[in-house]
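To start, the structure under review is shown below, and the notes come after it.
The values are calculated or read from the model by the stated rules, or taken from the named source; none is laboratory data. These numbers come from a predicted model, not from an experiment. When the accessible area is computed, the model is the full protein with side chains, heavy atoms only, and any ligands, DNA or RNA have been set aside. Shrake-Rupley method; radii C 1.70, N 1.55, O 1.52, S 1.80 Å.
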Amino acid sequence: MINSDKSIKKSSSLAFSLNVEDGWPPVAIENIPCTKMDSGFKIDIPPLFVNGLSVGDIISVELDSLNNVTSWEHIFQSKRTTIWILGLNINKQKSIFNVLIELNKLNCHTVSLKEYNYFSVDVPNDCSIDLIDTCLSELNQDFFSIVYPSFRHDE
């Protein structure tokens, strides 16, 4: 049977142009998998470097001549939170993996740039931020930096 429904969603990727300052981020373009919707693009994974985006957000985009995203705006904001974790001391990297396992047990999903000891965590809206904070408290502040570039949970 052939489905002729024009609302079938197609997987794709958006390439976001990034401003690199003092070598960070370590890339000038971040490709974020997304689903093309009739109304825009739905973000499929937590971004590593694009501030203000979470999984499930739907955005409209402006593209340059190379099809890189130069600007975007929300059409819909999900209730998911994104957390960035940067390991400041590579020798302490092992401790992050136990925390990532615990976050995974809470149905969080993670993408990473392991060579930079850098992680982005997608926190579902039904996951308690108190439980997330308990997991993250296992990370020594002297060795890890934690940022919430897209905090959407009720406090």
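Please give the helix 93-105 orientation as an angle from the longest Cα principal axis of the chain, in degrees from 0 to 90, rounded to the nearest 10. Long axis of 93-105 versus the principal axis of the chain: about 60 degrees. The candidates SER78, SER145, SER11, arranged from most to least accessible area with a 1.4 Å probe in the full protein assembly, appear as SER11, SER145, SER78. Could you name the aspartates and glutamates in cross-link range of LYS105, using Cα to Cα under 18 Å and dropping any fewer than eight places away on the same chain? Leaving aside aspartates and glutamates fewer than 8 places away in the same chain, those within reach of LYS105 are ASP122, ASP126, ASP130, ASP133, GLU138.
Using helices alone, I'd like the mean residue ellipticity at 222 nm for the chain: each DSSP H run of four-plus residues gives -39500 (n - 2.57), total over residue count, nearest 500.
Helices in the chain give a 222 nm mean residue ellipticity of -4000 deg cm²/dmol.
Could you work out what % of the accessible surface of the stretch 68-155 is carbon and sulfur, using a 1.4 angstrom probe and leaving DNA, RNA and ligands out of the count? Ligands and nucleic acids excluded, carbon and sulfur give 46 percent. Each residue of the stretch 12-155 gets 115 Å³ once the volume of the Cα convex hull is shared out per residue.
Ligands, DNA and RNA aside, THR110 has an accessible area near 60 Å² when probed at 1.4 Å.
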